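> First the structure, which I've put down as structure tokens, then a few questions once you've had a look.
The values are calculated or read from the model by the stated rules, or taken from the named source; none is laboratory data. In this text the structure is predicted, and so the values were computed from the model without any measurement. Because the Cβ atoms are built from the backbone with ideal geometry, glycine has one as well, and the counts that use them run over all protein chains shown.
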Amino acid sequence: MKKIFSLASTLIMAAALWSIQPVSMALAENGNVPAAMKAYKAVLQNDMTFYCTDNQKNYKLNEFDYWSDPDSPPLKVDRFTVVDLDNDGIPEVVLELTTGFVGSYEVLHYEDGQVYGFNFVYRGMIDLSKDGTYFGSGGAYDSRILKASSINKDVYKEEVVAYSESEYDANGNQTVSCYIGKSKVTEDAFNAFSTSIIDNPVDWHDFDEANIDLVLK
């Protein structure tokens with residue numbers, strides 16, 4: 001029999017979803033968007049540097065290897081997407097990076113004529129959604145759903161939208177607690193909320209000149 005969520009859990013989930021809705025209207029009306037897209041395009045085409053916040057250096061994308069071991073395969077961009085992570089009306093560009101063995105993400109953020117880069121390990125930004133939410137690292141029963149609360153130049157702040165955590169009692173029995181916002185919910189409600197994010201993925205584009213021209217305009 002199909003399980004029915006309690007009214008309280010349903011309202012909590014709806015409130016959480018409403019709080020992270022994308023601001024497409026603000027995006028369309030924000031006059032800084034064309035400048036941001038132009039700057040992102042210049043970075044992706046190696047015509048402009050971006051400031052790496054992890055080690056406070058400027059890089060062109062084809063020179064970007066600050067975390068690679070000298071003996072590792074060269075860093076490359078596999079895919080990219082455009083999404084407004086902090087809902088301020090100006091989109092970010094997220095790059096999916098790989099050395100052939102290890103993956104990660106680089107978030108590019110535009111502000112005042114400069115592009116800033118923030119690095120995320122692969123498990124730090126899983127299942128990125130169109131509303132800017134994503135999953136953080138965790139175990140089988142420990143999961144965090146995150147979102148950028150603000151991105152200001154070289155400072156990226158995250159907030160926890162929802163999470164689950166497991167613990168064992170003195171007898172070795174495991175219990176799982178789930179939260180959406182600050183409210184405790186059932187596992188079913190948490191799983192439904194998680195599924196709503198997984199089922200709303202960003203549009204990833206292969207990293208090539210044609211897609212850079214098509215997407216960043």
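> I need a count of the residues in region 97-118 that are over 18 Å from the mean Cα position of the chain (by Cα) and in contact (Cβ under 8 Å) with a residue 60 or more places away in the chain.
2
> Also, I was wondering about something else. Suppose the filter is at pLDDT 90 or above and not aliphatic (A, V, I, L, M); does residue 38 pass it?
Considered against the rule, which asks whether it is at pLDDT 90 or above and not aliphatic (A, V, I, L, M), residue 38 comes out as yes.
> Being under 11 Å from the mean Cα position of the chain (by Cα) and at pLDDT 95 or above is the filter; apply it to region 136-155 and report the residue that is nearest to residue 45 (Cα to Cα).
That would be 148.
> Here's a check for you: in region 84-104, which residue that is part of a strand (DSSP E or B) and surrounded by fewer than 21 Cβ atoms within 10 Å (Cβ to Cβ) is modelled with the lowest pLDDT?
Going through the qualifying residues, I end up with 103.
> Still on this structure, I have one more. Does any residue in region 159-182 that is in contact (Cβ under 8 Å) with a residue 60 or more places away in the chain come within less than 7 Å, Cβ to Cβ, of a residue that is hydroxyl-bearing (Ser, Thr, Tyr) and surrounded by 10 or more Cβ atoms within 10 Å (Cβ to Cβ) six or more places away or on a different chain, and which pairs are these?
161/133; 162/179
> Still on this structure, I have one more. Please go through region 135-158 and give me each residue that is of a type outside the set (A, V, I, L, M, F, W, C), surrounded by 17 or more Cβ atoms within 10 Å (Cβ to Cβ) and in contact (Cβ under 8 Å) with a residue 40 or more places away in the chain, ordered by number.
Scanning region 135-158 gives 143, 147, 156.
> Does region 105-133 hold any residues that are surrounded by fewer than 21 Cβ atoms within 10 Å (Cβ to Cβ), of a type in the set (S, T, N, Q) and modelled with pLDDT of 95 or more, and which are they?
114, 129
> Could you list, in sequence order, all residues of region 28-37 that are free of Cβ contacts under 8 Å to residues at least 60 places away in the same chain and surrounded by 14 or more Cβ atoms within 10 Å (Cβ to Cβ)?
Correct list: 33 only.
> Looking at 199, 206, 188, can you tell me which residue is of a type outside the set (Lys, Arg), in contact with a strand residue (DSSP E or B) (Cβ under 7 Å, 6 or more places away or on another chain) and surrounded by fewer than 17 Cβ atoms within 10 Å (Cβ to Cβ)?
206
> Would it be correct to say that residue 210 is out of contact with any Ser or Thr (no Cβ under 8 Å at 6 or more places or on another chain), at negative phi, assigned to a loop (DSSP other than H, G, I, E, B) and free of Cβ contacts under 8 Å to residues at least 12 places away in the same chain?
In short, no.
> In addition: Do any residues in region 187-204 that are part of a helix (DSSP H, G or I) have Cβ atoms under 6 Å from those of residues that are among the hydroxyl-bearing types (Ser, Thr, Tyr), where the two are at least six apart or on different chains, and which pairs are they?
Within 6 Å, the pairs are 189/9; 190/164; 197/129; 197/133.
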